[in-house]
1. Only counting other Cβ atoms within 10 Å, I'd like 136, 54, 99 sorted with the fewest neighbours first.
2. Add -39500 (n - 2.57) for each DSSP H run of 4 or more in the chain, then divide by its residues: what number comes out at 222 nm, to the nearest 500 deg cm²/dmol?
3. Taking the square root of 5 times each eigenvalue of the Cα gyration tensor, what semi-axes in Å does the equivalent ellipsoid of region 156-300 have, largest first?
4. Which log10 I(q)/I(0) values, to two decimals, does region 65-309 give at q = 0.11, 0.13, 0.15, 0.16 Å⁻¹ under the Debye formula with one point per Cα?
5. When ranked by the protection proxy of mean other Cβ atoms within 10 Å per residue, highest first, what sequence do the peptides 203-210, 287-294 form?
6. Suppose the chain between residue 64 and residue 96 were pulled fully straight at 0.36 nm per residue; how much longer would it get relative to their current alpha carbon spacing?
7. Can you tell me, using C-alpha contacts under 8 Å and at least 6 residues apart, the relative contact order of region 1-133 as a whole percent?
8. Just to be sure I understand the curve: with the Debye formula and one point per C-alpha of region 1-160, what is log10 I(q)/I(0) at q = 0.10, 0.15, 0.17 Å⁻¹?
């Protein structure tokens, strides 16, 4: 909700049900925001938080810039490759600003994009542990052959990633880098970065892969059209500001097929235990398996090869 003070200042008030975000959960991402602002990142200031009944509230000033993608859903494309490149540059600058933020990963809560299961040397064991500590996810997964699907689809992909895992430095990251979370100035540059609700301690490559997955593959369209030119432009823009190491470059196409998996599990627990939506829970499970599996097909392999070429 946006409101205006008597002095003309525009504020943005965001409301969360306590089953999704508590004040303690919000404090984790707000500490990250404060660090980023202190290091020059274009993020909004946290003005305050409050808890009323079953709701938690946070207040920020409205960001600077134009909301060009206000009505765009996640997985819808940039308007141009120029915007894609600009977004890549802004993501790299955000990662540089985040480098000295050394907070531990966030407490368990819904709708946070973690990188723990597939950052592990034994992802099936790590997945079993994650399910054990999340009762709503455990209950939701009873309806699906998740062990078999993980073994069939995701573990072979993890084998390609595993040689690089020890080379990826931990970093707090945005984890939902989509055009709709960016405000733009008149020159087409990113003026403000919004919505750190999914932020957590992952790696720079995980966040870069998320940005490509969110913006270049149109998962909501039949046939999953790919905006390859946008993926390449985003990557080139990123590298123009923060050069990837050789291991990070090799890890990117290996990580991309897995980057949505853990968030899909978080969504699955949320839709089953919070919103009580069997339809959306089934979609989340289909995304857990289906997004990864798509990268083993013709279009997915082509995109991965193109990114590996740089």
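1. The order, fewest Cβ neighbours first, is 54, 99, 136.
2. My calculation for the chain gives -14000 deg cm²/dmol from helical runs alone.
3. One finds semi-axes of 24, 20, 17 Å for region 156-300.
4. -0.54, -0.77, -1.06, -1.21
5. 203-210, 287-294
6. Details: separation 32, 0.36 × 32 = 11.52 nm, distance 2.10 nm.
Using 0.36 nm per residue and subtracting the Cα-Cα distance, I get 9.4 nm.
7. The value is 24 percent.
8. For region 1-160 at q = 0.10, 0.15, 0.17 Å⁻¹, log10 I(q)/I(0) is -0.56, -1.18, -1.32.
We did not get these values from a lab; they are worked out from the coordinates using the rules stated. Source: prediction; values computed, not measured. Neighbour counts are summed over all protein chains in view; Cβ atoms, including those assigned to glycine, are modelled from backbone coordinates with ideal geometry.
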